[in-house]
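Asks: Sharing a structure, written as structure tokens. Questions coming.
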Amino acid sequence: SRIPRIVILGAGYGGIVTAIRLQKHLNYNEADVTLVNKHDYHYITTHLHMPAAGTDNPENSRVNISRLIDEFKVDFVKSTVMQIKPIEKKIILEDSTLSYDYLVVGLGGEPETFGIPGLQEHAMNIRSINSVRLIREHIEYQFAKYKGEPDRLDYLTFIVGGAGFTGIEFVGELADRIPNLCKKYDVDQKLVKIFSIEAAPNAMPGFDPELVEYATNVLTNKGVVFKLGTAIKECTAAGVELATGEFVKTTTVIWTGGIRGNHMLDQAGFATMRGRVKVDSFLRTTEYENVYVVGDCSIVMNPEGKPYPPSGQIATQQGETCAYNLIAAIRNTPPKEFKYINKGTVASLGKREAVGMVGTRKVKGNKAALLKKLVDMRYLYIIGGIPLVIRKGRF
Ligand code: FAD
Ligand code: NAD
């Protein structure tokens, strides 16, 4: 009989781990595996706050897919997915069409703007190598422009909308970067403002209150100004309007107010919540048992019936279970239920500072920053072994 075809869309955390596990465990000629991704590299999203702020080079946050994939076992197709057609079992790419027996969707998230006017047009997002290059260059350009128009303090005002983990990690890096930029462009540091604007009463909503307080103190001491309990209402080319009625003039808005699933899942007709598909306990869609969804495009419920927050950690674990279940489907053996094991959460606050929870243990300061490095290196080890840890680890 014909060899089953597995197509994996997206080489993010969920997709790349699925592909790596399949190439390790599938026997010769058991399945044809194709991995499709927009770029010929995988990005280490969990590092992106650093190149976005300019404290690290974007090159350090990406890995060529050819280094991770064995081309004898997995076909890599560099292309953009345009449409998923689950009834026809076809994928429309920008330049060709693929058919599949089994599909894995790991296309990642998209910025959620909640329909707030102007965000789409005027704010930037931390989501890919290209987007962080833009942010980094844009920030530096504002310093250069300010030198020619010294009354334009809005050039030196940086607004970060949303103080979730992404927003917090980014302001930590940006605060570290500002002194260097001030020195490079001969700008008085007192003129530079970083605002972290959060709708909820506290930064990092839902996280341990003691650690949140520690984090806000560390960042405040670095010069970040928090506006808590303050939602962004509108964004224009001139600045942002807050729920309080205040208008803050700025030429730089970084939106870290949340993510939703890839719009292609809605388009394909899957039942979604904010673009994300609630998968069954084997990570399959409820509509098609040959379609699996992993990472930010999926929703997995915790035992209390609430969705787990999307993360690289859960995406990686989903990739492992997804590969196992694909092999089980092909071999006609029992699949495995997905069980998320939270190994801990650490948020960086810039140089030598972080906060984290490991089980019920709280960690902060330099110890947490070291832990964060270890967690990041562990991921590099999972996908690329020791050589990748040595090349891309931020020691
Ligand atoms: P992604 O990693 O988002 O990758 C999606 C892939 O699909 C990309 O390669 C993209 O190029 C590709 N793609 C998208 N559209 C198309 C298309 N149309 N055609 C072809 N290819 C396409 N999580 C943690 O657990 N720990 C952390 O410390 C952490 N830190 C973070 C720091 C930052 C700054 C950010 C932004 C996120 C962080 N996260 C962290 C969250 C984590 O990065 C995401 O949850 C994770 O990346 C989701 O993985 P994914 O597999 O869904 O897809
Ligand atoms: P998020 O949804 O976790 O946070 C978005 C924040 O924006 C929320 O605090 C929300 O209240 C706020 N917000 C929403 N609308 C607003 C408005 N109009 N005005 C002001 N504030 C507004 O999004 P995220 O931070 O991008 O994180 C996405 C996922 O990735 C999360 O699950 C997170 O845990 C994970 N992540 C983890 C790490 C880590 O482990 N170190 C780092 C980054 C992201």
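Asks: Would a scan of region 66-82 turn up a residue that is under 30 Å from Asp176 (Cβ atoms) and within 16 Å of ligand 2 (Cβ to nearest atom)?
Replies: No: region 66-82 contains no residue that is under 30 Å from Asp176 (Cβ atoms) and within 16 Å of ligand 2 (Cβ to nearest atom).
Asks: Mind checking which residues of region 78-99 are aliphatic (A, V, I, L, M), outside any loop (DSSP other than H, G, I, E, B) and surrounded by fewer than 19 Cβ atoms within 10 Å (Cβ to Cβ)?
Replies: Restricting attention to region 78-99, the residues satisfying the condition of being aliphatic (A, V, I, L, M) are 81-82, 84, 87, 91-93, 98.
Restricting the remaining residues to those that are outside any loop (DSSP other than H, G, I, E, B) gives 81-82, 84, 91-93, 98.
Within region 78-99, Met82, Ile92, Leu93 meet the criteria.
Asks: Hey, does region 100-118 have a residue that's touching a helix residue (DSSP H, G or I) at 6+ places or on another chain (Cβ under 7 Å) and assigned to a helix (DSSP H, G or I)? I'd like the intermediate steps shown before the answer.
Replies: If we filter region 100-118 for residues that are touching a helix residue (DSSP H, G or I) at 6+ places or on another chain (Cβ under 7 Å), which is where we start, we get 102, 104-110, 113.
Imposing the further condition that a residue be assigned to a helix (DSSP H, G or I) reduces the set to none.
For region 100-118, residues touching a helix residue (DSSP H, G or I) at 6+ places or on another chain (Cβ under 7 Å) and assigned to a helix (DSSP H, G or I): absent.
Asks: Any residue at all in region 16-23 that is within 14 Å of Ala323 (Cβ to Cβ), more than 16 Å from ligand 1 (Cβ to nearest atom) and part of a helix (DSSP H, G or I)? Can you show your working first?
Replies: At the first step, the residues of region 16-23 found to be within 14 Å of Ala323 (Cβ to Cβ) are 16-23.
Subsequent filtering for residues that are more than 16 Å from ligand 1 (Cβ to nearest atom) retains 23.
Narrowing further to those that are part of a helix (DSSP H, G or I): 23.
Yes.
Asks: Now a separate question. Exactly one condition in (1) crowded, with 21+ Cβ neighbours inside 10 Å; (2) at positive phi is not met by Arg274; state its number.
Replies: (1)
Asks: Follow-up. Going by what's in this entry, would Ile116 be described as surrounded by 14 or more Cβ atoms within 10 Å (Cβ to Cβ) and more than 18 Å from the chain's Cα centre (by Cα)? Quick ask: steps written out before the conclusion?
Replies: Details: surrounded by 14 or more Cβ atoms within 10 Å (Cβ to Cβ): yes; more than 18 Å from the chain's Cα centre (by Cα): yes.
Considered against the rule, which asks whether it is surrounded by 14 or more Cβ atoms within 10 Å (Cβ to Cβ) and more than 18 Å from the chain's Cα centre (by Cα), Ile116 comes out as yes.
Asks: Exactly one condition in (1) out of contact with any Pro (no Cβ under 8 Å at 6 or more places or on another chain); (2) among the β-branched types (Val, Ile, Thr); (3) over 18 Å from Arg378 (Cβ atoms) is not met by Val300; state its number.
Replies: Val300 satisfies every listed condition except (1).
Asks: Considering each residue of region 250-281, count those that are within 22 Å of Tyr308 (Cβ to Cβ) and either over 23 Å from the mean Cα position of the chain (by Cα) or without any contact (Cβ under 8 Å) to a residue 12 or more places away in the chain (or both), and give that number.
Replies: Qualifying residue count, region 250-281: 4.
Here, each number is a calculation from the coordinates, and none is a lab measurement. On a predicted model such as this, the values are computed, not experimentally measured, just so you know. Ideal geometry is used to build each Cβ from the backbone, glycine not excepted, and the neighbour counts take in all protein chains shown.
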